[in-house]
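**Student:** One structure, as structure tokens, below. Some questions next.
The values are calculated or read from the model by the stated rules, or taken from the named source; none is laboratory data. Computed from a predicted model, the values in this text were never measured in an experiment. Cβ coordinates were reconstructed from backbone atoms using ideal geometry, including for glycine residues, and neighbour counts include every protein chain displayed.
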Amino acid sequence: MDALVYYGKTPVPWSVIWSEEEAAKPWSLRPCDFAGGFMAVCPPDKRGQGKPNFGATHPLRQRQAVVSGLCEICRFPLKLKTKLSLSEERLTDVQGVGQVPLVVEPLCCSKCAWLSVHHCPHLKKRAADGQIIIRQVFQFVPVAQQLNGAATLEFCSVDSPGVIGHFKMALTKYKVRDLSWLEAQVS
């Protein structure tokens, strides 16, 4: 599996998209194993090239993390680990599921959540303000994000509505935890 990649002294999550990947448009549109063989937006894999865009995920790596149960930070399997979401998403009505948090960031392991809280400026600020949300996830339902024609034109230079972009996760069973709980998980 991949080791963490650093940008300067900052660890970069595996699922983050890099500037060279973003700039390599048009992206391809092809069947994706992680999207059940459906057509999906697929940027090139140029991880570590250029600058990381910490606010965005690489659609293909993001789908792979969700479907394969990989930590979004270190890419190691989450099967036997505590699964966490640091997403700030509030409750959303999801057809057939109910009112649940609907998150786009893949789940992460405890060690990587702790690392993120201590390195990510946004999470550090939310933690200092007592506003961070840590969810221990026991169950979720993947929800495919279907793009409209304008989005596929932007990303792939083809008007092809209905193709898959990212997956979201409807968190159906979880428990909200606090920073002291997270600290105890990595001690």
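**Student:** Specify which of the listed residues (ALA65, ALA35) is in contact with a helix residue (DSSP H, G or I) (Cβ under 7 Å, 6 or more places away or on another chain), under 15 Å from ILE164 (Cβ atoms) and not basic (Lys, Arg).
**Tutor:** Details: ALA65 fails: in contact with a helix residue (DSSP H, G or I) (Cβ under 7 Å, 6 or more places away or on another chain).
Unique residue meeting the criteria: ALA35.
**Student:** Answer yes or no: is there a residue in the range 92-101 that is crowded, with 17+ Cβ neighbours inside 10 Å, modelled with pLDDT of 90 or more and touching a strand residue (DSSP E or B) at 6+ places or on another chain (Cβ under 7 Å). Walk me through how you get there before you give the answer.
**Tutor:** In the first step, residues of the range 92-101 are kept if they are crowded, with 17+ Cβ neighbours inside 10 Å; the result is 94, 100-101.
Of the ones still in play, those that are also modelled with pLDDT of 90 or more are 100-101.
Next, only the ones that are touching a strand residue (DSSP E or B) at 6+ places or on another chain (Cβ under 7 Å) stay: 100-101.
Yes.
**Student:** A further question follows. Any residue that is crowded, with 19+ Cβ neighbours inside 10 Å, under 15 Å from PRO142 (Cβ atoms) and free of Cβ contacts under 8 Å to residues at least 40 places away in the same chain - is there at least one of those in the range 104-111? Working first, answer last.
**Tutor:** Within the range 104-111, the first condition is being crowded, with 19+ Cβ neighbours inside 10 Å, and the residues that meet it are 105-110.
Retained after the next criterion (residues that are under 15 Å from PRO142 (Cβ atoms)): 105-107.
When the remaining residues are screened for being free of Cβ contacts under 8 Å to residues at least 40 places away in the same chain, the result is none.
Among the residues of the range 104-111, not one is crowded, with 19+ Cβ neighbours inside 10 Å, under 15 Å from PRO142 (Cβ atoms) and free of Cβ contacts under 8 Å to residues at least 40 places away in the same chain, which makes the answer no.
**Student:** Taking only pairs six or more apart or across chains, which ones have beta-carbon atoms under 6 Å, a first residue in the range 125-149 that is at pLDDT 95 or above and part of a loop (DSSP other than H, G, I, E, B), and a second residue that is hydrophobic (A, V, I, L, M, F, W, C) and surrounded by 14 or more Cβ atoms within 10 Å (Cβ to Cβ)?
**Tutor:** LEU147/VAL163
**Student:** Still on this structure: Scan the range 172-187 and report the pairs whose first residue is closer than 19 Å to ARG126 by Cα and whose second residue is assigned to a strand (DSSP E or B) and of a type in the set (Val, Ile, Thr), with Cβ atoms within less than 9 Å and a gap of 6+ or a chain change.
**Tutor:** Listed by first residue and then by second, the contacts come to LYS175/VAL137; VAL176/ILE134; ARG177/ILE134; ASP178/ILE134; LEU179/ILE134; TRP181/ILE134; LEU182/ILE134.
**Student:** Can you pull out the residues in the range 1-23 that are farther than 20 Å from LEU70 by Cα and either modelled with pLDDT of 95 or more or in contact with a Cys (Cβ under 7 Å, 6 or more places away or on another chain) (or both)? If you could, list the steps in order and put the result at the bottom.
**Tutor:** Residues of the range 1-23 farther than 20 Å from LEU70 by Cα: 7-10, 19-23.
Those that are farther than 20 Å from LEU70 by Cα and either modelled with pLDDT of 95 or more or in contact with a Cys (Cβ under 7 Å, 6 or more places away or on another chain) (or both): SER19, GLU20, GLU21, GLU22, ALA23.
This table checks each residue for (1) out of contact with any helix residue (DSSP H, G or I) (no Cβ under 7 Å at 6 or more places or on another chain); (2) in a helix (DSSP H, G or I); (3) closer than 15 Å to LEU4 by Cβ.
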| residue | (1), (2), (3) |
| --- | --- |
| GLU72 | no, no, yes |
| GLU89 | yes, no, no |
| PRO101 | yes, no, no |
| LYS111 | no, yes, yes |
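**Student:** For THR152, all conditions in the list (1) outside any strand (DSSP E or B); (2) over 17 Å from the mean Cα position of the chain (by Cα); (3) surrounded by fewer than 17 Cβ atoms within 10 Å (Cβ to Cβ); (4) of a type outside the set (A, V, I, L, M) hold save one; what is the number of the exception?
**Tutor:** (3)
**Student:** Further, regarding this structure: Suppose we filter VAL158, VAL186, VAL137, VAL163 for residues that are within 22 Å of the chain's Cα centre (by Cα), surrounded by fewer than 19 Cβ atoms within 10 Å (Cβ to Cβ) and of a type in the set (A, V, I, L, M); which single one remains?
**Tutor:** Working: VAL158 fails: within 22 Å of the chain's Cα centre (by Cα); VAL137 fails: surrounded by fewer than 19 Cβ atoms within 10 Å (Cβ to Cβ); VAL163 fails: surrounded by fewer than 19 Cβ atoms within 10 Å (Cβ to Cβ).
After ruling out the rest, the residue left standing is VAL186.
**Student:** While we're looking at this one, here's another question. Taking the range 54-70 as the search range and keeping residues that are in a strand (DSSP E or B) and buried (at least 18 other Cβ atoms within 10 Å of the Cβ), which one is farthest from the chain's Cα centre (by Cα)? Walk me through it before giving the result.
**Tutor:** Just the residues of the range 54-70 that are in a strand (DSSP E or B), to begin with: 54-57, 70.
Filter again for buried (at least 18 other Cβ atoms within 10 Å of the Cβ), leaving 57, 70.
Details: THR57: 6, LEU70: 10 Å.
The extreme case among them is LEU70.
**Student:** Sticking with this structure for a sec: Please state which one of LYS46, LYS83 is surrounded by 21 or more Cβ atoms within 10 Å (Cβ to Cβ) and either at pLDDT below 95 or over 10 Å from the mean Cα position of the chain (by Cα) (or both). Outline the logic, then answer.
**Tutor:** Details: LYS46 fails: surrounded by 21 or more Cβ atoms within 10 Å (Cβ to Cβ).
On inspection, the qualifying residue turns out to be LYS83.
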